Every structure is written in C-alpha cells, then in structure tokens.
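Where a number appears in this text, it was derived from the coordinates with a stated rule and is not lab data. Predicted model only: the values in this text are computed from it and were never measured. Note that each Cβ is placed from the backbone with ideal geometry, even for glycine, and that neighbours are counted across all protein chains shown.
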Amino acid sequence: MSDAGTTTVALRDLSVTDDGEECIIGDPSAGTFINVPAVGGVVVRSLLAGRTVAEATAEAETFAGETVNVASFVETLDELGFVAHDSAAGDAGPTPTAPVQQRTWFTGADERVARWFFGRTAWTGYALAALFSLVTLVVRPDLLPLSTDAIVVADFGISALIVLPVGWSITALHEYWHWLAARALGLQSRFGIDVRYGVFLVFETDLTQIWSVARRRRYGPQLAGMAVQGVLLAATLLAEVLWRDAPFLRLLVLLNLATLMWQAMVFLRSDLYAVLVTATGCTNLWETTQLRAKAMFHLISAAERQTLNDASAADRRVSRWFVHVWLIGPVFAVGYLVWYLLPWISGAAAWTVAGLAASPATGTFWWTLASAVALFGPLVLTAAVAARAGVGALRARAGRTTPA
C-alpha cells in the first residue's frame, strides 16, 4: 500500500476566498460553501495546485506553525462533496435555499454589459436618487402614501387587474437587478419562492455564489434590488411633484415604499439582513440567533447548546444583540401587515361578498369571482408554500429521529 501522504487529491472546481482571519471554501456549481480557519484555505489551494497530501501538510504546518491533520480535513471535504470522484458529482444540482427553488443556475447577460449598471457612476446615481426621495418626503410629507392608495378605482376587480401586475413587475425588476449585479461579477444566481412567518410570500434571488468573492464585492448584488427601486421611487415622486392627483403615481409610490420597508426588516432575512451578515463577518447568524433565543428561554437541548458554543466568534458576538431584534421583529411585521395589507384585504373581502351575493346569471357574479381569484390567489399560494416548507421540516426532523 502506498503512503497516503504521497497521493494527490482531485478536488472539484472549488473557490477559496480569504475572509478576515478565516477562509470561505465552496463549490459554486453546487452552491455549497463552508467557513474554515485560514490554514484550511492554504490546504485547499495547495491541493488544487496538484500538490500531494504530504506537500500540502508541509505548507499548512509552515503557515500555522503547528501540526495540521490534513488527512482528516480531506475526509471532511469528501463528506461535503468537494472531492471529485469518477461518478458524476453534483448532478443533483445546487442545494435548495427555499421551499420552491429553481434547480439550475440562471445565466444570460454578458458581464461586460452588466458592469455598466454597477460602476462608480451608477452607484453615485443610485445614492442621489435615494437622497432625493428622502429629502422630498421630508419636505413634502403629504406625498407619503396611504394603504388605500392601492385602490386605484372604486371597482376592486379593476384595481386588482392594475395593482397585481404592477406589484409583480416591481418585484421582478428588484430580483432582476440582484441577478444583473451578480452577472457584473461574473456570477450566476437562481430564483425561488419562500414564506416569512407563514404569512408573507417572498420571491428571492439565490446569491449563494457571492460567497466566492471578497467581502467588499458582495454588497453590490445585495443592495442592487433596493438601488433600482430607489431610482423608480425618485422618478415617481418627481412626477408627483409635477403632476398631482394621479392615482397611478400614488400606487407606484405606495408599492415601492412598502417593499423598501420590507427590505429594512432585517429580522426577516431581507436584503439588509444579508448586508448585516456581510458587514459583521457572520457565516450562520440566523441559526445562531435561533439557538440563542432558545437558550434565553431555557428551551435549548444539550446538542443545540454545543452547536451554539461551536458557532463562529462573529456569529456569537452579533447574535447577542440581534436576538432581541429577532424576537421583537414580529411586532413590526404585524404592524406592517395592519398598515399595508389589512385595509386592502378587508375592503376586497367586503366587495367580494357583495358581488357574490348577486345571481350567478349576472355578469357581476362572474366578474367578482374572477377578480376574487386574482385578489386572493397569492394568499392561497402563500399557504401552499408554507405548508410545503412545514412538511419538509417535519420529514427532515423525522429523518433525524428515526433509528437506523
């Protein structure tokens, strides 16, 4: 038997990114990344260069100034699927990050074209648009929208035909800009559907591959959606200043402000939550925060306590204060629901009940029924996605507790 130290290890096409005192290693094609001590990056870079395990060990020990068990580390890499084997690895596609998830990475725009929208000049424009919107709303508070601005006309059915496609278009633009910013870095992304607190349906862009670039380069893709909405909001407010009493403009202001407020709710894993994680150097803040909340209420198990203790220093440090934001967050989420959705939903429900009370032989009945499907369809979709996520969680828990 040959000495294992003289063998080479064929790794997949891994990315190795220095991140402070640690290193992020991952397989961009599978969307899987781990955070390891800097010496782990030295080992992976050495193995990727074709050096033997013995040579990689020598480099790692020179770097760390102590003994390094490279063989054990290679076994861990193999368990994560980072070692290439003869059988096709990664055919199952990227790891899903949402209950409903596109299975393959999405590519399209040339990154050279995408860079035009995210250079220094472009970001200056985004910042000026945000500043204009802020100053305008402070100087002209009468331009702040009301939830009833979603009712563009008296007929809720017609309002739905206007509001829903406009809202979806804004969401699509937001997510597209995330993707475009990723393309500007030469990265790919995926799209998915998730639910927050079992009530809020969200469409998200999976930007997992940004972990393969330096921390300072991750902010662009994370803030891109809000940036383009800031431009749209500024343009709409300017139009409102010039042309008042335009219901459609009020609707655009409402939808843009409502979605931007959503992104400010960091306790919902929003865009600004991603920025927070990047800025603080966290790697698994969400799980660490949940475990810390369990510990606060003495609901944590011994295994979970160990997981909390093993979390990165940054995750433990930030979770000490973020857990309070996470616990209080639902109060703000309910306030958002009451301000933004409840008046519109209650009005739509009253209009629907009145319309369905008409005879099925009338056009009013069928128009109301069709409109109700459009109005309440997203709520049904939210419930379906939440149920799917719940079933998946129960199956995963059953799998962990079922005896071998």
Go ahead and run the numbers for FRET between Thr171 and Ala84, Cβ-Cβ distance against an R0 of 51 Å, rounding to 0.05. 0.85
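Set the Förster distance to 45 Å, then compute FRET efficiency between Phe332 and Ala10 from the Cβ-Cβ distance, nearest 0.05.
According to the calculation, E is roughly 0.35.
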Between helix 219-242 and the chain: long-axis angle, C-alpha atoms, 0 to 90°, nearest 10: 20 degrees
Can you give me the three principal axis dimensions of the chain from its C-alpha atoms, in Å, biggest first? 85, 56, 43
So, in nm, how far is label Leu131 from label Val153 when the simple model puts each one 7 Å beyond its Cα toward the Cβ? 4.1 nm
How far apart, in nm, are the 7 Å Cα→Cβ label points at Ile34 and Ala54? 2.6 nm
Principal-axis tilt of helix 363-401 within the chain, Cα atoms, nearest 10 degrees: 20 degrees
Length gain on complete extension for the stretch Thr95 to Phe376, per 0.36 nm per residue less the alpha carbon to alpha carbon distance? 98.1 nm
What distance in nm separates the two pseudo spin-label positions at Glu21 and Leu146, each 7 Å out from Cα along the beta-carbon direction? 5.6 nm
If one builds a Gaussian network model of the chain from Cα atoms under 10 Å apart, the most fluctuating residue listed among Phe82, Phe322, Phe297 is Phe297
Once Trp321 and Ala295 are pulled to full extension, the length gained, defined as 0.36 nm per residue separation minus their Cα-Cα distance, is 8.0 nm
If we sort 226-235, 371-380 on the protection proxy, mean other Cβ atoms within 10 Å, highest first, what's the order? 226-235, 371-380
With the cut-off at 1.5 for a/c, could you classify region 4-79 from its C-alpha gyration tensor as rounded, prolate or oblate? oblate
